[in-house]
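As structure tokens, the structure follows; a few thoughts come after it.
The values are calculated or read from the model by the stated rules, or taken from the named source; none is laboratory data. Just so you know, these numbers come straight off a predicted model, no measurement behind them. Don't worry about glycine lacking a Cβ; one is built from the backbone with ideal geometry, like all the others, and counts go over all protein chains shown. Surface accessibility is based on the protein's heavy atoms, side chains included, excluding ligands, DNA and RNA. Shrake-Rupley method; radii C 1.70, N 1.55, O 1.52, S 1.80 Å.
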Amino acid sequence: MGKTILTNVRCFGPGVDLTSQSNKVELSSEVEDKDTTNYASQGWKEVIGGLGSAELSAEGQWEAGDPTKVDDASWAQLGGVGPWSVSANNGAAVGDLAYFMGAMRSNYTLFDAVGEVAPWSGTAKSSSPLVRGQFAHPPGTPRTATGTGTGLNLGAVAAGKKLHAALHVLSASGTTPSITARVESAPDNTFAAPTTRLTFAAATTPGGQVLRTAGTAITDTWWRVAWTISGTTPSFLFVASLGVL
């Protein structure tokens, strides 16, 4: 991806797609520098990395009235921790670049002067690492039955690294609908005998979850999202992101 004009950044909160209600999204990540300078440092300051942190800030046009709107979602999420996924100026198709993390919705600001388009702004602060990965399920494909997604060649997970996964359930309809999503891995793209690595809690309403593996090595290089759906005429829209860090 070369130089780009930002026209199609997708922003997903725990259970909401904020793309059509946002016009600015910023991500930042940093690691504390801790001073370890001593008499053997030869007159130069020495530092080592301390705690890492990340932050997402966004703003846009205020709307309210149902759970898909920024005001309803913000009040429900304020102070809570959930997944946040942001695209790199693309449509969030499977394989597109994704930045995601678990974060606490820390503030929400709304309204302005008379005559202005009602604005909003908000911040989410990390409670898990900011991961550079890929979208594993697109936002606009409804799922009505149990199935599997497209495989991604994310590579093996080295010892000490983790496979991170974010799930955003954007809508749920039907009678007693339920979806249980999981992350599977395999040594190749056939997924002849996949291994379940992570399983999200069953979801019956919009919301989000973020999970990660334990940190042990995984030699499989292909990854995908799969799901089990139950209920009467169920239908779900959801987004998933995967990455190794």
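Pairs only if they're at least six apart or on different chains, beta carbon under 8 angstrom, first in the range 60-80 and more than 16 Å from T123 (Cβ to Cβ) and in contact (Cβ under 8 Å) with a residue 40 or more places away in the chain, second open to solvent by less than 70 Å² (accessible area, probe 1.4 Å) and basic (K, R); list them, first residue then second.
E63/K69
Applying the selection to the range 25-75, what residues are among the small types (G, A, S), open to solvent by less than 70 Å² (accessible area, probe 1.4 Å) and in a strand (DSSP E or B)?
Selection gives S28, G49, G50, G52, S53, A54, S57, A58, G60.
If you go through the range 216-228 one residue at a time, do you hit one that is without any contact (Cβ under 8 Å) to a residue 60 or more places away in the chain and in a loop (DSSP other than H, G, I, E, B)?
For the range 216-228, residues without any contact (Cβ under 8 Å) to a residue 60 or more places away in the chain and in a loop (DSSP other than H, G, I, E, B): present.
Mind checking which strands (runs of 3 or more DSSP E) fall wholly inside the range 104-205 and carry at least 2 residues that are open to solvent by less than 20 Å² (accessible area, probe 1.4 Å)?
Output list reads 119-126, 131-137, 163-186.
Tell me, yes or no, whether the range 122-130 has at least one residue that is more than 21 Å from the chain's Cα centre (by Cα) and not β-branched (V, I, T).
The answer is no, given that none of the residues of the range 122-130 is more than 21 Å from the chain's Cα centre (by Cα) and not β-branched (V, I, T).
List every residue pair whose Cβ atoms sit under 7 Å apart, with the two residues 6 or more apart in sequence or on different chains, where the first one lies in the range 40-56 and is farther than 15 Å from A103 by Cβ and the second, anywhere, is of a type in the set (V, I, T) and open to solvent by 80 Å² or more (accessible area, probe 1.4 Å).
Pairs found: G49/V31; G50/V31.
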